Amino acid sequence: MNPPQHLRRDYPHFQPISTRWHDNDIYGHVNNVTYYSYFDSAVNTYLIEVGGLDIHSGEVVGFVVSSSCDYFASIAFPERIEIGLRVAKLGNSSVQYELAVFKQGEDAACAAGRFVHVFVDRQSNRPVSIPEYLRAALEQLLVG
């Protein structure tokens, strides 16, 4: 069975990431858990730079409540990669991101994942509606 194709053209936004020496594991490739940090960095960079999220003192924060990743080809330090980012579902207080890891200049993804953010009030940790400034940024990534 062939895994589904995840192609560069299917993602509206890309976040460049530099692999780091300590990302490699004993087998000489980036360890599976490191992909999640790439995903988190790509999403939060977008939310901060495009959506105006204030991670230090804003009233709203995003909690990851679900995540997964499928792996198709290995990457290793010192490769430069790009994380493709799109939004699959946009709810009242939650958003499901779909992400893919691409080697710089390649069209097919090395890995693809998804995670769900629930936006909550920083003080109460209770779900809140996604603020309009963040919703507008997320809508730019909405596909399908």
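None of the figures in this text is laboratory data; all of them are computed from the coordinates on show. Because the structure is a prediction, the values reported are computed rather than measured. Ideal geometry is used to build each Cβ from the backbone, glycine not excepted, and the neighbour counts take in all protein chains shown.
Descriptive notes on the structure:
- Gaussian network model of the chain, Cα within-10 Å springs - most flexible of A88, A73, A111: A73
- Positive-end extreme of charge dipole, the chain - chosen from F72, G144, P131 (charges on Cβ): G144
- Taking a ≥ b ≥ c as the square roots of the eigenvalues of the Cα gyration tensor, segment 8-139 is classed as prolate, since a/c reaches at least 1.5 and a/b is larger than b/c.
- Electrostatic tally near R80: other residues with Cβ closer than 14 Å to its Cβ, Lys and Arg +1, Asp and Glu -1, net -2.
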